[in-house]
Amino acid sequence: MRTFFIFSITFLIPMASQAQIFVKNNSFIYNKGSLVYAKGNVELNGANSTIYLRNEGQLLQGTTSTSANKGIGKLSVFQEGTSNNYAYNYWCSPVGNATATIGNEDFGISQLSVPTTNVSSAPSTILPMNNYDGVSSNGSLAIAPYWIWKYQSGTTFPEWIQAGSGSTISAGQGFTMKGTSGTDATNIGEIAVNNPGSAQRYDFRGKPNDGNITVNVAPLSTTLTGNPYPSAMNVQDFLLDVSNAACTGIAYYWEQDKSSNSHLMVIARGGYGTYSPGLGVDGTYAPATYYNYNIGGSQNTSISGTPSILNIKRKFAPIGQGFLIEGSASAGSVTIKNSYRAFKKESISSDLTGFEKNANSAQINSINIIKTNAASQLRFSVLLNNQYNRQIVLGFQGNATDGVDRGIDAKSPDGSDLPNDSYFFLDNNQYVIQGVKFDVNKRVPIGVKMANAGSITFKMPFTVNFDENQAVFIYDTFDETYHNLRESDYEIAVSSGVFNNRFEITFINSALTTVSSNMESVAIVQNNYSQMLSISNPNNLELKEVFVFDILGKSVLKQENLDAKLLYEYSTSSLSEGTYIVKIKTQDGQSRAQKIIINNIKQ
């Protein structure tokens with residue numbers, strides 16, 4: 001077989017520049033780990049005409065318009081999904097039905113089978129709709145059709161459409177499917193057995209998809225699509241293609257907490273990771289934040305979980321990978337093209353392609369997978385109430401602006417629906433990835449949303465290709481203090497509310513260089529024996545306002561339009577014991593903030 005394989009590929013590829021690939025009935029092409037390329041169409045002439053793609057073998061075609069693939073034979077290609085009954089994979093089939101119709105056809109899960117040898121497969125069993133758990137065992141596979149859903153241009157849970165066992169999934173249309181539990185020790189000569197308990201192998205059999213594939217997108221709505229070909233696809237090229245301006249140029253990938261073993265939406269935890277293709281040579285990925293859903297499909301107010309480990313392998317989508325895109329303000333349609341296809345293997349980490357299934361920690365649990373051509377970036381982890389953790393990425397690139405750049409700045413996959421969240425605030429929207437030009441004087445706001453009073457902790461776990469000698473501060477406009485995230489995390493208690501302008505990323509501690517000598521002369525003193533707050537103003541500055549805030553940011557004293565005086569005094573006898581912030585501002589815009597401690601000592 002090995003001698004035949006080498007001969008066949010050597011023969012076919014030179015001929016591909018002259019003609020299509022033709023496989024007559026009772027004949028086959030067996031490709032083990034290599035590339036088969038056809039400049040034109042593929043014809044699988046008879047019912048027993050087959051192309052086998054094995055050990056990450058792939059088929060690429062050079063068609064520049066609509067697919068002309070034909071024949072009732074089948075291409076067979078493998079992909080592995082999760083074996084967890086409770087976890088979704090987002091798929092996009094590389095094949096469709098194989099009938100006499102010319103061109104791409106619809107797909108259905110009845111076309112999935114389980115390999116029994118390197119060329120033979122057993123048809124999968126489609127379970128009743130009320131059976132929610134797929135099962136894998138030696139030589140057999142049972143799939144639960146209840147979890148087969150597609151999503152066409154929607155913004156809410158009711159817009160998911162259940163496909164079930166029907167053959168109604170168009171080429172380029174993504175679909176969801178939960179895993180199949182059990183094990184299958186059948187060894188067919190791949191890297192692993194069919195199901196070692198961590199990943200289930202599926203055999204996709206049908207007519208290979210080819211050519212231009214149109215995907216409709218609605219304004220500001222998401223659509224589930226993916227890689228529709230029996231080869232890897234360059235997602236970066238697809239998203240950044242100017243002819244695909246109907247989408248925002250960002251892709252979203254489903255990730256799920258595999259330890260939340262339940263079909264109940266209120267228990268299961270998951271979220272969407274975000275791929276920005278234009279930030280860096282290979283693009284930049286921000287992992288998902290996990291949350292629960294209520295029965296209506298929206299995020300619960302009780303949010304739990306933390307972001308997944310870092311994974312940037314999104315430049316190329318492997319065979320079968322599905323993902324979401326969002327329509328632009330005008331929208332219309334995008335086109336997936338053969339020119340995006342590439343021969344890239346999941347098993348080679350430098351190929352930047354990986355299918356999301358049970359996490360392979362050896363592959364993605366290290367920041368070392370970030371290549372030297374990644375954008376210079378800072379990764380922040382914002383922990384809210386010690387429960388909800390959002391990772392956001394600030395990248396630096398010469399062609400980025402301070403506004404929204406298509407394919408660079410990535411809107412939050414969760415929008416504004418979450419009760420607790422952190423983000424970059426751009427164009428009145430929330431973003432998890434922002435790209436800017438680096439300027440040491442730049443100030444970048446970080447927004448925070450809190451449903452209830454609690455704590456916020458800003459962390460900077462690591463940086464990528466960023467000057468290690470450059471300080472990075474969180475500036476808190478509330479008390480006008482700077483906190484160097486190179487040295488320690490910054491934790492602060494806040495009240496409930498939305499803080500889009502309170503916190504900023506800065507690179508210079510301006511307090512060290514720009515404090516007015518006049519303002520330095522102003523003394524703020526809390527006298528706990530007299531229960532009085534005194535503000536001494538020896539230079540007789542014209543003060544505009546005095547504010548006193550509790551530690552959560554609630555205003556407890558407010559004095560405005562003040563006359564110039566040498567001394568201001570305010571009673572603090574009605575205030576509870578604790579830490580407060582006093583902020584003063586002059587008529588010419590100078591300001592100063594200072595913490596005081598109120599302790600109403602009994603005399």
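The values are calculated or read from the model by the stated rules, or taken from the named source; none is laboratory data. This is a predicted model, so every value here is computed, not measured. When we count neighbours, we look across all protein chains shown, and the Cβ atoms used for this are built from the backbone with ideal geometry, even at glycine. The accessibility values were calculated without ligands, DNA or RNA, using every heavy atom of the protein model including side chains. Shrake-Rupley method; radii C 1.70, N 1.55, O 1.52, S 1.80 Å.
Criterion applied to Ser110, Ser67 was being of a type in the set (Gly, Ala, Ser) and crowded, with 18+ Cβ neighbours inside 10 Å, and the one residue passing it is Ser67. Of the residues that make up the stretch 129-147, is at least one under 27 Å from the mean Cα position of the chain (by Cα), under 20 Å from Gly96 (Cα atoms) and in a strand (DSSP E or B)? Checked against the condition, which is being under 27 Å from the mean Cα position of the chain (by Cα), under 20 Å from Gly96 (Cα atoms) and in a strand (DSSP E or B), the stretch 129-147 yields no hits at all.
Here the stretch 113-130 is the region considered, the condition is being of a type outside the set (A, V, I, L, M) and open to solvent by 60 Å² or more (accessible area, probe 1.4 Å), and the residue that is farthest from Leu53 (Cα to Cα) is Asn130. Counting only residues that are within 13 Å of Val556 (Cα to Cα), in contact (Cβ under 8 Å) with a residue 40 or more places away in the chain and acidic (Asp, Glu), the stretch 568-603 holds 0 of them.
Selection of the stretch 413-432 for residues being among the polar types (S, T, N, Q) and either open to solvent by less than 10 Å² (accessible area, probe 1.4 Å) or touching a Leu at 6+ places or on another chain (Cβ under 6 Å) (or both) yields Asn420, Ser422.
Every residue, every condition in (1) modelled with pLDDT of 95 or more; (2) part of a loop (DSSP other than H, G, I, E, B); (3) over 17 Å from Gly283 (Cβ atoms); (4) within 16 Å of the chain's Cα centre (by Cα), yes or no:
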| site | (1), (2), (3), (4) |
| --- | --- |
| Ala400 | yes, yes, no, no |
| Gly403 | yes, yes, yes, no |
| Ile408 | yes, yes, no, yes |
| Gly415 | no, yes, yes, yes |
| Pro419 | no, yes, yes, no |
| Phe424 | yes, no, yes, yes |
| Ile433 | yes, no, no, yes |
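Have a look at Asn539, Asn509 and point out the one that is within 19 Å of Ile474 (Cβ to Cβ), out of contact with any Lys or Arg (no Cβ under 6 Å at 6 or more places or on another chain) and among the polar types (S, T, N, Q).
Answer to the check: Asn509.
Of all residues in the stretch 83-97, none satisfies being in contact with a strand residue (DSSP E or B) (Cβ under 8 Å, 6 or more places away or on another chain), in a loop (DSSP other than H, G, I, E, B), more than 19 Å from Ile148 (Cβ to Cβ) and not basic (Lys, Arg).
Among strands (runs of 3 or more DSSP E) lying entirely in the stretch 189-267, which contain 3 or more residues that are touching a helix residue (DSSP H, G or I) at 6+ places or on another chain (Cβ under 7 Å) and under 21 Å from Leu75 (Cβ atoms)?
Passing ranges, in order: 199-208.
For the stretch 78-107, a tally of residues being open to solvent by less than 40 Å² (accessible area, probe 1.4 Å) and β-branched (Val, Ile, Thr) returns 2. Against the conditions (1) open to solvent by 40 Å² or more (accessible area, probe 1.4 Å); (2) touching a Gly at 6+ places or on another chain (Cβ under 7 Å); (3) of a type in the set (D, E, K, R), Asp409 satisfies every one except (1). Among the numbered conditions (1) within 21 Å of Phe355 (Cα to Cα); (2) at pLDDT below 95; (3) not small (Gly, Ala, Ser), tell me where Gln152 comes up short. Result: Gln152 passes all but (1). Of the residues Asp237, Asp203, the single one that is more than 30 Å from Ser137 (Cα to Cα), in contact with a strand residue (DSSP E or B) (Cβ under 9 Å, 6 or more places away or on another chain), acidic (Asp, Glu) and in contact (Cβ under 8 Å) with a residue 60 or more places away in the chain is Asp237. When we screen Asn386, Asn399 for residues that are open to solvent by 20 Å² or more (accessible area, probe 1.4 Å), over 17 Å from Val448 (Cα atoms) and of a type in the set (S, T, N, Q), the only hit is Asn399. The set of residues in the stretch 526-545 that are under 19 Å from Ser576 (Cα atoms) and either touching a residue at least 12 places away in the same chain (Cβ under 8 Å) or among the basic types (Lys, Arg) (or both) comprises Gln526, Asn528, Tyr529, Gln531, Met532, Leu533, Ser534.
For every residue, the table says whether it meets (1) at pLDDT 95 or above; (2) of a type in the set (D, E, K, R); (3) under 21 Å from the mean Cα position of the chain (by Cα); (4) on the phi > 0 side of the Ramachandran plot.
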{"position": "Leu310", "(1), (2), (3), (4)": "no, no, yes, no"}
{"position": "Phe316", "(1), (2), (3), (4)": "yes, no, yes, no"}
{"position": "Gly320", "(1), (2), (3), (4)": "yes, no, yes, yes"}
{"position": "Ile325", "(1), (2), (3), (4)": "yes, no, yes, no"}
{"position": "Val334", "(1), (2), (3), (4)": "yes, no, yes, no"}
{"position": "Asn338", "(1), (2), (3), (4)": "yes, no, no, no"}
{"position": "Ala342", "(1), (2), (3), (4)": "yes, no, no, no"}
{"position": "Ser350", "(1), (2), (3), (4)": "no, no, yes, no"}
{"position": "Gln363", "(1), (2), (3), (4)": "no, no, yes, no"}
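The set of residues in the stretch 335-353 being open to solvent by 20 Å² or more (accessible area, probe 1.4 Å), under 16 Å from Leu60 (Cα atoms) and of a type in the set (Ser, Thr, Tyr) consists of Ser339 alone. Restricting attention to the stretch 443-480 and to residues that are modelled with pLDDT of 95 or more and under 24 Å from Gly249 (Cβ atoms), the residue that is surrounded by the most Cβ atoms within 10 Å (Cβ to Cβ) turns out to be Ile446. Only residues that are under 23 Å from Leu75 (Cα atoms), under 33 Å from the mean Cα position of the chain (by Cα) and among the hydrophobic types (A, V, I, L, M, F, W, C) were counted in the stretch 117-128, giving 1. Annotation: of all residues in the stretch 223-264 being closer than 16 Å to Asp414 by Cα and of a type in the set (A, V, I, L, M), the one that is surrounded by the most Cβ atoms within 10 Å (Cβ to Cβ) is Ala251.
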